[in-house]
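Working notes for the structure below.
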Amino acid sequence: MKVAVAGCCHGALDKMYETLELLQRRHNVRPDLLLCCGDFQAVRNEADLRCMAVPAKYRQMQTFYRYYSGEKKAQVLTVFIGGNHEASNHLQELPYGGWVAPNIYYLGYAGVVRFRGVRIGGISGIFKSHDYRKGHFECPPYNQQTIRSAYHVRNIEVFKLKQLKRPIDIFMSHDWPRSIYHYGNKKQLLKMKSFFRQEVESNTLGSPAASELLQHLKPTYWFSAHLHVKFAAFMQHQTNSKEELPKATKFLALDKCLPHRDFLQIIDIEHDPNAGDSLEYDAEWIAVLKATNSLANVTQSSWNMPENNGLHAKWDYSATEEAIKEVLEELNHNLKIPCNFTLTAACYDPSKPPKHVEPVHTINPQTTEFCAQFGLTDINDRIQQAKEEGSVRGEYEEEEEEEEMDSTGSAEEPSEYNTDNSGLSSINPDEIMLDEEGGDEDLSTCSVDPSPDHPPDFSASFSDIRIMPDSMAVSSDDAMDSTNEELEKSGVSKQVEGKSLNERPLKRIGGNENGNSGIKKIKRRNQAIYAAEDEDKTE
């Protein structure tokens, strides 16, 4: 089947879907699935805009609200993860994943689903060591700290994903796995983005948590975005035993969604021709969620995941075959994800004047149903109860006056990783000069509505498509120069397609479980696309 992969969408849904329509009209290529690697910006209304960690001038409605309201519908099944520029209050409603609009599915903080037999996993957010070992404690209305920490990756999600034993076909992360640049054309990358050099040479560019998952999961494909540059790599994994077959991962980072950018990739994936066309739960992942449910944490206290170090009675939470079988029997072997999208907030109406709406903490019926179906803790219900008891936000608000943590993490709670440079410490001029200084096109250009005054620029859209050739496999380091050139020259080419509830009482678990002075700080590249001069060091 054909899978389209997009980088940072930044709310430009019309742009993405118009590009896919053009691809079908001109080349009779219709993707069966669209994947988006974060910064999706599922903004429904003005309150959602205020829950995005961006300066006010970049809080633009874009076009998602049209899909949320039902005015438009995604013509291809879309699955996405969260990035660091999101309506965090909206995505927080769906910690285990769910529909944000008809035919548009969010994977949650971390998740695995299946489509036509293909296993697709992902983890949302970006890595920051000083929040990594905390629980998911944030809830709207956010303050200056929680509006950022809400999208930081947590160790509980990485731990859950590391319990998976069965092969993963596709995995998505927003920030790159650390060290992946050593397996691609590093010379070309640094030629395009010279300001990456310091982090690349010190091996601090990217997420160490994502790198850990890459080594453990060894997926066939890994897709990322975040750094707004296209980059391919091929990583051959070491085997644990002589009997184990060698595995390799094809890595691809996508550019952001802007005219004249190579932001969309089409690849062929082998699939099960006998599988249905519906998005499905993954039985092993559901079993892992059930096994790790007791680890749910909604406090900001730092804690470590169980490991075999003599301090924990249990450290293996992987799903047994019996547990997976139990999940299948619970669902009567019907893994289809219900199309139970529900409006949970008022939708933006461009015909009405802007209004000030305070964001509120919402418990989404999809999450309630999911938790009841599988006997899981409703994280938002727990947060709400803790909030009412005054035990969630009090401590954090007392810390508002403290300086933001530096890249080494908390002094009293050292990170399990030595450094935290996924946020990056140097300026990315390609991403920071969006409008006034003549760099990239303003993001607002992505959302111009097709009209007699603003017809869609299909010629520009079509230049953003590439069909991935079989030669995506590349050698490591600078030896792959010629291979990358072939990738870029391949353009759009035709390819042969790949091979081709049982009623039961619902249960729900809730509530009572338990500096240099005088030197201006340089903003980190994760947030450089929305940098504000009056902010301190940000994500």
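The values are calculated or read from the model by the stated rules, or taken from the named source; none is laboratory data. Computed from a predicted structure; not experimentally measured. Neighbour counts run over all protein chains shown; Cβ positions are idealised from the backbone, glycine included. Note: accessible area is taken over every heavy atom of the protein model, side chains too, but ligands, DNA and RNA are not part of it. Shrake-Rupley method; radii C 1.70, N 1.55, O 1.52, S 1.80 Å.
General observations
- Per residue, in Å², the accessible surface of region 283-343 once ligands and nucleic acids are set aside, probe 1.4 Å: 53
- A 1.4 Å probe run over region 1-84, with the rest of the protein chains in place, finds 24 Å² accessible per residue.
- Convex hull of alpha carbon positions in region 2-394: directionally averaged projected area 21.2 nm².
- Region 4-145: C-alpha pair distances exceeding 26 Å, %: 24
- Counting DSSP beta bridges with both ends in region 1-104, the antiparallel % (nearest 5): 10
- Region 2-394, accessible surface, carbon-and-sulfur percent (1.4 angstrom probe): 48
- Per-residue packing, averaged as other Cβ atoms within 10 Å, sorts the ranges 57-63, 321-327, 112-118 into the order 112-118, 57-63, 321-327, beginning with the highest.
- Across region 36-49, computed HN-Hα scalar couplings (Karplus, 6.51 cos²θ - 1.76 cosθ + 1.60, θ = phi - 60°) run 10, 8, x, 6, 6, 6, 7, 8, 9, 7, 5, 5, 4, 4 Hz from first to last residue, x flagging Gly and Pro.
- Per-residue HN-Hα couplings for region 7-24 [Karplus 6.51, -1.76, 1.60; θ = phi - 60°; Hz; x = Gly/Pro]: x, 5, 7, 6, x, 7, 5, 4, 4, 5, 6, 5, 5, 5, 5, 5, 4, 5
- Taking label positions 7 Å along the Cα-Cβ direction at both Ser202 and Ser318, the computed distance is 3.6 nm, reported to one decimal.
- For region 178-247, trypsin sites (Lys or Arg not before Pro) are listed when DSSP marks them as loop and at most 11 other Cβ atoms sit within 10 Å of their Cβ; the list is Lys242.
- Each residue of region 357-373 was assigned a 3J(HN,Hα) from its phi angle through the Karplus expression (A = 6.51, B = -1.76, C = 1.60, θ = phi - 60°), giving 10, 6, x, 10, 7, 10, 9, 7, x, 4, 5, 4, 5, 4, 5, 5, 4 Hz with x at Gly and Pro.
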